[in-house]
1. What's the number of the only condition in (1) within 15 Å of residue A:208 (Cβ to Cβ); (2) modelled with pLDDT of 95 or more; (3) over 17 Å from the mean Cα position of the chain (by Cα) that residue A:49 fails to meet?
2. When the residues of the range A:134-158 are filtered to those that are more than 13 Å from every other protein chain (Cβ to nearest Cβ) and under 22 Å from residue B:83 (Cβ atoms), which remaining residue is nearest to the chain's Cα centre (by Cα)?
3. Residue under question is residue B:29, and the condition is that it be more than 9 Å from chain A (Cβ to nearest Cβ), surrounded by fewer than 17 Cβ atoms within 10 Å (Cβ to Cβ) and at negative phi; does it hold?
4. Which of the residues belonging to the range A:1-52 are within 14 Å of chain B (Cβ to nearest Cβ) and either out of contact with any helix residue (DSSP H, G or I) (no Cβ under 9 Å at 6 or more places or on another chain) or in a strand (DSSP E or B) (or both)?
5. Filter the range B:59-118 down to residues that are more than 10 Å from chain A (Cβ to nearest Cβ), within 21 Å of the chain's Cα centre (by Cα) and assigned to a loop (DSSP other than H, G, I, E, B), then give me how many there are.
6. Give the residue that is surrounded by the most Cβ atoms within 10 Å (Cβ to Cβ), with candidates limited to residues of the range B:79-103 that are in contact (Cβ under 8 Å) with a residue 24 or more places away in the chain and in contact with a strand residue (DSSP E or B) (Cβ under 8 Å, 6 or more places away or on another chain).
């Protein structure tokens, strides 16, 4: 017996992602999915970003295979932090975010940063309901990664070139990165940043604030009234 | 390794289809696999074999049919087939597109039989 069907795989994740999106919208927060290889500087970026947002409150959901180290690093800065230990899974699922939201006070929050598991392959396939995907590429990883891992860079809303203080030390052709990105995602903003030296932080903060305003600006005004 | 996640959900869906259609043994599953999903067939096979163990799909054959990508330029509105590392519109030379096809994994058929079929077959043989 042959049963003909049309059933999309990963639809279950997309349904929960859409529910998350609606929760974020109703809470009036900007949800940002931060994606990169392990060691590209996601946690250090957040250690600098959250204090720079001043009065704005941030919640962080951190995904790692093991340990609560990143959550502990971010606790002094964020309004609330929660760690998801994924075990063998190399990315976060929408339902893990949904479950985490039960313990988080999203109504009082302006920004939700989801620090995904260090991986630039699978996280691109799993919508979490975020407003934007921020993809980091660090100078030590090399300038060939955009062409080697095109999928994640094609769907990025902004690309941060991190650890630019190492540009003079390591060989890294920024034009090569720009050219490869132009073939995949021509309009994506590229921000060069060094979290340690605070270089480029102003442009990154501008991007975040602008995204916050364009995504939930009208709602934020409504809340104020 | 998103193949493992896909295989896990694939199993859930085919078991549900089997249950609804009174299939007791699943023999074959046909999946249309969008090229942009970047599924590695060997890895997908291995993941599928791992998840179906001990289920009614244990001996099922997974057939993947590759679906090519089609995108539409947001500016020029023309459709074209991109390369995996090159989404530039042939008219405006910008990569600002909407994906029309090639980004999905779709189960198109499940083949199997019920125990009644087997018993009926045996009776026919008798």
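The values are calculated or read from the model by the stated rules, or taken from the named source; none is laboratory data. Fair warning: this is a prediction, and the values are worked out from it, not measured in the lab. Heads up, the Cβs are rebuilt from the backbone with ideal geometry, glycines too, and the neighbour counts pull from every protein chain shown.
1. Of the numbered conditions (1) within 15 Å of residue A:208 (Cβ to Cβ); (2) modelled with pLDDT of 95 or more; (3) over 17 Å from the mean Cα position of the chain (by Cα), the odd one out for residue A:49 is (3).
2. A:135
3. no
4. Hits for the range A:1-52 are A:2, A:3, A:4, A:5, A:6, A:7, A:8, A:35.
5. The number of residues fulfilling the criteria is 6.
6. Here the answer is B:97.
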